[in-house]
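To start, the structure itself, in structure tokens.
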Amino acid sequence: MKEVIEQIWRFISENLAIIGPIIGVIITVVFGPRFTAKWQEKRRERNKKLRVHFEDLKKEAEPIVSLGFSSVQYGEIVFTKYDLSQAVSPSFREHFSKETEELSKLREETNKHNTRCKEFRQKIKRAFESRGIPVVQNDQDTLSSYIYERVFEPLFQRWQAVAQKSKHPGPDFQKIESASCSKGGYLLYALGWAASPLAFAKTENEREKCKRALADVAYDEQNQKEAAEIFGSANELVKKAGEFARQFAGKLDDIDRFWPGKKTNRFEMLKTCPDCKELF
């Protein structure tokens, strides 16, 4: 008999949000107003705790919902407000198991994509170095010529334009202009990219070598093809992240507006949630 009573009480506890009003009527008829008042107070207190729990999880979800505001830099996907390596809390995982699983898949796909981007950039770097021109981050006094790492920005801009079948993709790496440098030598600029120099050369011979290297790498068909694949993959993942964020935000909004939510996404006490165990 004791086990039966415990099972009945467990069922009532787990489905209180749904059958609460019905139970309230039954209690009022059977036990009277005084008992009903105590039961309703307990129910209000329970709802208050559950609401606080939801608000905490909703706050945890804020940066995840911001996944819709992602960007692509050098082919890599950048989420400005959320670190994909960050794990969700155990309570979040229990209450939003479907979203946690989708987030995990998105994390795996994005990391795989970004790793490919890094490997591609290393390939481009080696292509320059194989032509005897090192790729550096800042000016180097000991080198006769070098290409700045910032070259990736105009390269990817051009490759993206090529992938989008632009009639006039730029910058133009076949038209490299040069300007005298205050420390001697030449600074090289691609036509359509005057914001910053892409390379430095001390002599005219080194300048010509840099020009050929920039054009060869920029117009290499395999590089253009691989860059196009990277941008295609990035666009798909950004779209997927945006859709995930939109749906999740809608679910949280529905729970908030129709507390404790609609039938399909009701926020309830869970036996598997560590915070629910402490609260109830």
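The values are calculated or read from the model by the stated rules, or taken from the named source; none is laboratory data. Here the structure is a predicted model, which is why all the values come from computation and not from measurement. Here Cβ is always computed from backbone atoms with ideal geometry, including for glycine, and neighbour counts include all displayed protein chains.
Quickly run through the range 175-213 and pick out the residues that are basic (Lys, Arg) and without any contact (Cβ under 8 Å) to a residue 60 or more places away in the chain.
If the condition is that a residue be basic (Lys, Arg) and without any contact (Cβ under 8 Å) to a residue 60 or more places away in the chain, then 175, 183, 202, 211 are the ones that fit.
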Exactly one of 198, 214, 191, 187 is hydrophobic (A, V, I, L, M, F, W, C) and either modelled with pLDDT under 95 or surrounded by fewer than 16 Cβ atoms within 10 Å (Cβ to Cβ) (or both), and that residue is 191
Could you pull out the residue among 175, 167 that is loosely packed, with under 15 Cβ neighbours inside 10 Å and either touching a strand residue (DSSP E or B) at 6+ places or on another chain (Cβ under 6 Å) or aliphatic (A, V, I, L, M) (or both)? 175
Closer than 30 Å to residue 51 by Cα and touching a Ser or Thr at 6+ places or on another chain (Cβ under 7 Å), is that true of residue 249? no
From (1) outside any helix (DSSP H, G or I); (2) assigned by TED's automatic domain parsing to the domain that holds residue 44, pick out the condition that doesn't hold for residue 196. (2)
Tally of residues being of a type in the set (Phe, Trp, Tyr) and more than 30 Å from residue 171 (Cβ to Cβ) across the range 217-262: 4
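Go through the range 215-242 and report how many residues are in a helix (DSSP H, G or I) and over 21 Å from residue 73 (Cβ atoms). Walk me through it before giving the result.
First, pick out the residues of the range 215-242 that are in a helix (DSSP H, G or I): 215-218, 221-242.
Filter once more, keeping what is over 21 Å from residue 73 (Cβ atoms): 215-216, 221-222.
Residues that pass the stated criteria total 4.
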If you check 102, 94, which single one turns out to be touching a Phe, Trp or Tyr at 6+ places or on another chain (Cβ under 9 Å), at pLDDT 95 or above and of a type in the set (D, E, K, R)? 102
Of all residues in the range 110-139, count the ones that are under 22 Å from residue 187 (Cα atoms) and without any contact (Cβ under 8 Å) to a residue 40 or more places away in the chain. 9
